[in-house]
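Here is the structure we will look at.
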Amino acid sequence: MKKIVILFSMLVLLASCCKDNDPPDVEIGDTYEGGIVCDIQPDYILVAAPTDQSEGMKWDNGTVVVTDAKSRDDGYLNTNKIIDIQGTGTYAATICTALGDGWYLPSELEMDKIFSELTLTGIYWTSTEYSDVRAKYSFHFDPSFVDASYKSVLNKVRAAKRIYF
């Protein structure tokens, strides 16, 4: 019994030393972890890349296929699905992930938050797929306006990243 109590105490001590759930001291608009803070949630911060990754890029690599990137709020999941299906090439999802670990093409709802906080002009791709030939985009005049465009159309790209704490 004494060994169990000691083992349990050690596990509690180890868990308390290694877990830090305190959010960083940042506000919307601050620069943090290589991006601009656009949203603060209870367990993560959404940052956008400080500059566009492209002024005109296709959504896909030219392959007409459904990627099942349907999430409206998880661009990281969508981006991984897009790249798993589309493969190599230079297109919206791959130029976002080329920024490094954790960067991705934001979903439609994440792009809405980015538009709300940054001064962007133009039409930007989101990672949210609409059909085999169309994907959703956001328009700068109304951040909540989301429509679908052919994946071969050249739209702007801005990467995002979630930083969990």
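The values are calculated or read from the model by the stated rules, or taken from the named source; none is laboratory data. None of the values given here were measured: they were computed from a predicted structure. Because the Cβ atoms are built from the backbone with ideal geometry, glycine has one as well, and the counts that use them run over all protein chains shown.
For the reader, a short list of remarks on this structure follows.
- Tally, over the stretch 74-99, of residues that are under 19 Å from V64 (Cα atoms), free of Cβ contacts under 8 Å to residues at least 60 places away in the same chain and outside any loop (DSSP other than H, G, I, E, B): 11
- Contact annotation: residue pairs with Cβ atoms under 7 Å, 6 or more positions apart or on different chains, pairing a residue in the stretch 16-34 that is modelled with pLDDT of 95 or more with a partner that is assigned to a loop (DSSP other than H, G, I, E, B), are Y32/P24; Y32/V26.
- Residue in the stretch 101-122 that is at pLDDT 95 or above, among the acidic types (D, E), closer than 20 Å to Y32 by Cβ and within 17 Å of the chain's Cα centre (by Cα) present: yes
- Residues being surrounded by 24 or more Cβ atoms within 10 Å (Cβ to Cβ) and either free of Cβ contacts under 8 Å to residues at least 24 places away in the same chain or not aromatic (F, W, Y) (or both) - total across the stretch 109-128: 6
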